[in-house]
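The next block holds one structure in the form of structure tokens; read it before the comments.
Every number in this text was worked out from the coordinates using simple rules, so none of it is lab data. Note that the structure is a prediction, hence the values are computed from the model and not measured. All Cβ positions, glycine included, derive from the backbone under ideal geometry; neighbour counts span all protein chains shown.
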Amino acid sequence: MNASGTPSRLRWWMWLPLALFAFFAGLAGYMLTQEKEQFVKSTMVGKPLPAFALPPAFEGRPGAANTDFQGGKPRLLNIWASWCLPCIAEAPQLEALKAQGVEIIGIAIRDRPEDVARFLERHGNPYTRIGADEISAVQLELGSSGVPETFVIGADGTIRYQHIGDIRPEHVALLKAELEKAQ
Amino acid sequence: MIAEIGLAALWLAAALAVLQMLAGAAALRSIDGSVHPLAVYARPAAIVQAVLAVLAFIMLLRAFAITDLSIKLVATNSHSMKPFIYKITGTWGNHEGSMLLWVGVLALAGGLLAGFEKRLPDRTMGATLAVQGFIAIGFYAFLLLSSNPFERLPVPAAEGIGLNPLLQDIGLAIHPPTLYAGYVGLSVAFSLAMGALLTREVNPNFARAMRPWVLGAWVLLTLGITAGSYWAYYELGWGGWWFWDPVENASLMPWLAATALMHSVSVLAARDALRTWTIMLGVLAFSMSMLGTFLVRSGVLTSVHAFAVDPERGAFILALLLIYIGGAFTIFALRASAVAEGKRFAAMSREGALVFNNVMLSAILAIVLLGTLYPLLAEAFDARVSVGPPYFNPASAIFAIPMFLVMAVGPLLRWKEDKPARVLFEMLAIATVLIAVLVAVAITGDYPLLPVLGLGLAAALALAAFLPLRGRKLARVPVAVWGMVLAHFGVAVSLLGMASEGAFTEERLAAVAPGDTVKVGDWVITLQGVAPVAGPNWTAIEARVAARQGDGAAVMLAPQARNFWSPAQATSESALLTRWDGQLYAVIGTQTPDGRWQLRVWWKPFVTFIWYGGLLIALGGVLAIIGRVQVDVKRRKAAELGEDRRAGLADLVPEPAE
């Protein structure tokens, strides 16, 4: 059945698949050893806070607007929700920051007034103001992709720092330092 | 006991894979006449290994069926109150179970090959089984050392955790095993290619042994991709049917390679040409399958499909890739030049057209591979990019358009050498249809370029698919040729669906209050009301939407926005209304502050043809298998009659035309 052809010459392209594969394997191996960036950093860090004015999330506190961050001192902008479990975990840390004289303004994402009230009753209320963001509109403008997230807003109204995920006890000092830098 | 039997079966199967590899390698060392004493064990080892691996999988199925909560995998992925069907499908709805399925199919394929393939020389068969055993060893090691599905819990769990609700869908229960069987079926093509390369027995007999495996794997991949595309279309609620997501690409790349391989192996079988090219594609097709498994399982790429992301397992699979793909390409580079060149042919011939389309398919494969891996490359340099349709669509179209044109004409050409003048009438007919449709579409409206070209090509291909039957007695046309006609027609049908969806889709996004109407296409859609509904593990708001086409009666649609609570997840359940000439697709969104609802509706003319086409292509593949097996059986019977008669018959019954 064999055709009686002569063996063909050694051709360079026969090594091409191996070379391409070696390149891929090297790349994949390198990437596997790299720490995977799990979170999407906001590109808004370093830029002024976008303009917004949110209605109050419940009766106990006024709503929040970008103008509330202007003047005097740096503040924390905490994005949270009563339906968010890690938000319960970070509540004591927010209380600790409040005790150290930090003003914290909250934005409640896709929440209901009665749920907000119940959450704050149970886990404490570190906020001076809480705006209700019904459709995540302000959250998206801030470049935040989840709850909870916390932004450090400078005295001049610019976004200085973004903390993604719940604030653990070891993050309190870190946030405090960022607030001081933002004077 | 179930878990212990399963685990013991797996270890024994792994041991037999070692024996299979050694015995196969021994067969390779047999010198003419004297058979190495070990060599006789290769086939039985492969068959018993298949039985044991399948037994292990059945044990896991049983553990899931009875919800044995002392097994860690069952406790973390199942629940005693789950419907029985999802208990069963939960077996492969997780990393360990799906890898066991992978290995089970691999061993089964090896066993079938060892049991039924008789026409290859002993040395080639031995080398093939050695390679198959060698692949199996790696995956047994992976399973037993890092993903043991039978691991027991120290204390049995009181209740299972349950299966991700998105995976509790009958479509998703069938789609992964189909794709897996397709991926793994290509392993046999890979082993055969390596076996033939090692023994330098690359010839039509080898191609005929390889062809049913390639066809079978290709049919399964076609079905798996078609089903996956339809699932994404109705379940994700984005109105699209293909997203160029890394995991979708991971299934498309082996399909492209297998499509090229299937055509190339036919040329080798019929004409003894394209020897090294066929070997190359055989290696490439399974390499793409393993690459796909790596991309899905390792999490190096960000994907909506990232099910079981684990860098350690990723490193294990990467090591396996290095051994198998790296090894295969090295042997290819060293050995391929020693394979005698096949028969020559003119550029204007059936082979010429097939080679051209093979190159085009490979180019599309390269485009998809580059686009899929580019984000990984960019990320190594700290840049975040995502590659999407603006790259994939035009870049693949550059190669797809000439491919479709050649595909229309290729089957009309004769083997070896042909003159364009002989098929002038057919070519004119195809060109006329192409130009007529292009002009007709261009003057009726202003549509994007690619869909317009797609419509013209679809019409031309639909005609061209049947032209090979012209002037033949239909009753005497071989089954395999019917397979080709049907598959090529399926491509035209699918292309029509894609182009029509791209050109004519109408979309309306409106905020509506109950009683309001929206118009899309010739449909009038009325929102009648919105009500909350509750399911077993979700709550939803459900819209009652009446759709009326022209003066016809209203049909009710009920799209839902669902919220699952464990794990918390919001999904859109789109509502579909299928007509022969298209689909109405409705999605309910959020409520606006003034109390109206976001209603999104599409009218997608002929969109269903995309999947009908996929089914036709797969059916064509099935016919081709039937046709080839029939001819092979005849050939084998004839061979039994003796060497002389066989030589005579080979002239009388030539390989049926593609």
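Remarks
- Sequence-distant residues sharing a close amide H with B:ILE71 (under 5 Å, placed H): B:LEU153
- Rel. contact order, % - alpha carbon contacts under 8 angstrom, at least six apart, chain A: 28
- Computed over chain B: relative contact order in percent, which uses C-alpha pairs under 8 Å that are six or more apart: 11
- With distances taken between every two different alpha-carbon atoms, region B:349-420 has a Kirkwood hydrodynamic radius of 13.9 Å.
- Convex hull per residue volume in Å³, alpha carbons only, for region B:1-168: 105
- DSSP H segments from chain A that extend 18 Å or more along their own axis, Cα-based, with Kyte-Doolittle mean of 1.0 or above: A:16-33
- Shielding by other protein chains, B:323-333, mean Cβ within 10 Å: 4
- Along region A:136-149 the Karplus relation, 6.51 cos²θ - 1.76 cosθ + 1.60 evaluated at θ = phi - 60°, assigns HN-Hα couplings of 6, 5, 5, 4, 5, 5, 6, x, 9, 10, x, 10, x, 9 Hz to successive residues, with x for each Gly and Pro.
- Rg/Rg_ref, chain B, where Rg_ref = 2.2 N^0.38 Å and atoms are Cα: 1.03
- The Cα atoms of region B:481-578 give a gyration tensor whose axes a ≥ b ≥ c have a/c of 1.5 or more with a/b no greater than b/c, which makes the shape oblate.
- The shape of region A:73-118 comes out prolate: with a ≥ b ≥ c from the C-alpha gyration tensor, a/c is at least 1.5 and a/b beats b/c.
- Amide H to amide H distances under 5 Å link A:ILE79 with A:ILE107, A:GLU149, A:THR150, A:PHE151, where only residues 5 or more positions off or on other chains count and H is placed in the peptide plane.
- Cα Rg, Dmax, the protein assembly as shown, angstrom units: 30.8, 103
- Amide H contacts of A:PHE52 (H built 1.01 Å from N, in plane; Pro and chain starts excluded): A:ASN66, A:THR67 sit under 5 Å, all sequence-distant by 5 or more or on other chains.
- Peptide B:372-383, shielding by other chains (average Cβ, 10 Å cutoff): 2
- Put simply, when B:268-281, B:543-556, B:381-394, B:82-95 are sorted by average Cβ atoms within 10 angstrom per residue, most first, you get B:268-281, B:82-95, B:543-556, B:381-394.
- The shape of region A:53-181 comes out rounded: with a ≥ b ≥ c from the C-alpha gyration tensor, a/c is under 1.5.
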